[in-house]
Amino acid sequence: MKWLLSLLLLFVVGIGFAQLPLIHAHNDYQKTEPLTNALRNKVFSIEADVYLFNGELRVAHDKNELTTAPTLDALYLRPISERMILHKNLISIDSNYLPVLMIDIKENGKGVLAKLLENLNAYPSSFSRIDNPNAVQVVISGDRGPVSAWKDYPNIILFDGRPNEVYDSTALRKLAFISDSYVNYSSPADSIDNRLQRVARKVHDMNKLLRIWAIPDNPGSWDHLRHLGVDIINTDKVTECRNYFSKGNKQ
């Protein structure tokens, strides 16, 4: 169980504001340098939208892109494994850097999860923290299936939670962090801050991290959300966000 305790600590380490800001690379696969730029900027989590198509996991935002979309294996799993080999079971030369690969399942969650586990098992030292404590943790978002079914999956995958869901002790152990849409807090305007602070306190009381997606994607918003207790900054502007906080804008 020691490896599991270490794993859970990963997801509470960012709660204190003394830590560097945690960055989520939203729709990383759509960017000029998928995976590479995210790792260069040491993001906390890297997002890939995934469909099951003709027996393969394809990375795409919409179904009409699937015929030409790259596979998850080609775009992420194999390159991550190659980096692990290059750096002797590390994703980079920084032994303290342990990123998350977030798989956002667009539909057919059960089918995607079955295929995903098959693919991940081909790279145990890259994605299983039983085999390698420095492996990349995979977190499932989107069509995650019922919370009650999470216990049936191995710990090679964890799950992205929601503030309105109820978790028993077993489900909590499968919960990586908690996410929600900014849209759910954006009206009425005078209550946005209060509502976000309340949900942040609720999430932190569970010893989990909070991510809010679909945020206004600019430095003022990044700063403000951190002050309100949002731990993981969701952005399409990974390099700009990292540079902004690296200049000392941490509070």
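Worth pointing out:
- Single condition V138 does not satisfy, out of (1) over 19 Å from the mean Cα position of the chain (by Cα); (2) assigned to a strand (DSSP E or B): (1)
- Scanning the stretch 201-251 for residues that are out of contact with any helix residue (DSSP H, G or I) (no Cβ under 6 Å at 6 or more places or on another chain), over 21 Å from R40 (Cα atoms) and part of a helix (DSSP H, G or I) turns up R201, K202, V203, H204, D205, G220, S221, D223, H224, L225, R226, H227.
- Residue list for the stretch 17-30, filter: of a type outside the set (A, V, I, L, M, F, W, C), surrounded by fewer than 17 Cβ atoms within 10 Å (Cβ to Cβ) and in contact (Cβ under 8 Å) with a residue 24 or more places away in the chain: N27, Q30
- In the stretch 166-183, the qualifying residues are those that are part of a helix (DSSP H, G or I) and over 20 Å from the mean Cα position of the chain (by Cα), and the one that is surrounded by the most Cβ atoms within 10 Å (Cβ to Cβ) is T170.
- Some residue of the stretch 186-195 being under 20 Å from the mean Cα position of the chain (by Cα) and not in a helix (DSSP H, G or I): no
- Condition check for N96: within 18 Å of the chain's Cα centre (by Cα), at pLDDT below 95 and at negative phi: yes
- Restricting the stretch 171-202 to residues that are modelled with pLDDT of 95 or more and β-branched (V, I, T), the residue that is farthest from R129 (Cα to Cα) is V199.
- The stretch 184-216 - residue that is closer than 26 Å to L98 by Cα and basic (K, R) and, of those, surrounded by the most Cβ atoms within 10 Å (Cβ to Cβ): R211
- Among the residues of the stretch 31-62, the ones that are among the hydroxyl-bearing types (S, T, Y) and surrounded by fewer than 20 Cβ atoms within 10 Å (Cβ to Cβ) come to 2 in all.
- Of the criteria (1) in a helix (DSSP H, G or I); (2) surrounded by 16 or more Cβ atoms within 10 Å (Cβ to Cβ), which one I85 fails: (2)
- Among the residues of the stretch 217-246, the one identified as among the acidic types (D, E), more than 16 Å from the chain's Cα centre (by Cα) and within 21 Å of P99 (Cα to Cα) is E240.
- Filter result for the condition that a residue is aliphatic (A, V, I, L, M), buried (at least 20 other Cβ atoms within 10 Å of the Cβ) and part of a loop (DSSP other than H, G, I, E, B), over I80, I91, I103: I91
- Among residues of the stretch 20-77, those that are closer than 21 Å to D180 by Cβ and outside any strand (DSSP E or B), counted: 7
The values are calculated or read from the model by the stated rules, or taken from the named source; none is laboratory data. All of these numbers come straight from a predicted model, not from anything done at the bench. Cβ sites come from the backbone with ideal geometry, for glycine too, and all protein chains shown count toward neighbours.
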